[in-house]
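The values are calculated or read from the model by the stated rules, or taken from the named source; none is laboratory data. Treat the numbers as computed from the prediction; the structure is a model and nothing was measured. Note: ideal-geometry Cβ built from the backbone for every residue, glycine included; neighbour counts use all protein chains shown.
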Amino acid sequence: MTQAAGQDESLLDYALREIKARIQNGTYPPGTKLSTQEISDSLGISRTPVVAAINRLVAQGVAEAIPRRGTIVARLNGRQIKDMIDVRRMIEEFSIPLAIKNLDFYPNILQEMQEVTEYFTDNELSDYTVFANLDTKFHQLFVSLTGNQQLMNLYEMNWSVGALFYMYSVSKMPLSRHVKAFNHHKEIFAALLSKNEEDLREKITEHFGMIYDSIEWYESQVNSMEK
């Protein structure tokens, strides 16, 4: 369902959010042509912010401009998605000691992380998109504990692409396969609060193992359908 633009949200940000959501939930799968007229009509806004949003997606690598064809949702294979996940993993592992060191300076961030983990625990997994967005939020909050804005920019730039295609891929999996990974955030958060660097590193390594397993599962399904 398309949500109206928020009170403090520009039409560009609104268009960007909605197009990304449609890529993420499979409405616009990889290879789909992004029609500015169709999108502007469906959102009830002019073509100008839609064109600007699509251009930004091209700059981020989410979309690809094809001569004489228009702009399509980029096609990323499993290897490319894994490469992006690798970068995300390296940034999060680098963030561990800084996050622990700065833990007491960012109570608001910790509160938000706790709210995310409680949502995972208290709500049944019925809407993958909601849980996936909270998953992204949790990890972005974790990296923000470093207090390093350049690191955050790098993380968000990489993950803005990787998250969309990773989420699109694993959204095709049975919801039951996601429960363990989503609930695992509680263990990561507990290790963070304990300031146990070794335990936190172990939990994050385990978490990324789940992510890699999800991608491999999806690739196996795609390969079996192509045979």
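Any residue in the stretch 51-60 that is touching a Gly at 6+ places or on another chain (Cβ under 9 Å) and not aromatic (Phe, Trp, Tyr)?
No, there is no match, as no residue in the stretch 51-60 is touching a Gly at 6+ places or on another chain (Cβ under 9 Å) and not aromatic (Phe, Trp, Tyr).
Considering only residues that are part of a loop (DSSP other than H, G, I, E, B), within 28 Å of Phe138 (Cβ to Cβ) and out of contact with any Lys or Arg (no Cβ under 9 Å at 6 or more places or on another chain), which ones fall in the stretch 40-74?
Gly61, Ala74
Report yes if Arg17 is closer than 29 Å to Asp213 by Cα, charged (D, E, K, R) and part of a loop (DSSP other than H, G, I, E, B), otherwise no.
When the stated conditions are applied, Arg17 does not pass them.
Which of the residues belonging to the stretch 37-75 are under 22 Å from Asn153 (Cα atoms), in contact (Cβ under 8 Å) with a residue 40 or more places away in the chain and of a type outside the set (Lys, Arg)?
The answer is Ala52, Ala53, Leu57, Gln60, Gly61, Val62, Ala74.
Is it the case that the stretch 82-102 has a residue that's acidic (Asp, Glu), part of a strand (DSSP E or B) and either assigned by TED's automatic domain parsing to the domain that holds Asp199 or at negative phi (or both)?
no
Working only within the stretch 185-204, note down all residues that are in a helix (DSSP H, G or I), more than 20 Å from Glu112 (Cα to Cα) and without any contact (Cβ under 8 Å) to a residue 40 or more places away in the chain. So that I can check it myself, show each step before the final result.
Residues of the stretch 185-204 in a helix (DSSP H, G or I): 185-193, 197-204.
Narrowing the set further to residues that are more than 20 Å from Glu112 (Cα to Cα) leaves 197-199, 201-202.
Result: Glu198, Asp199, Glu202.
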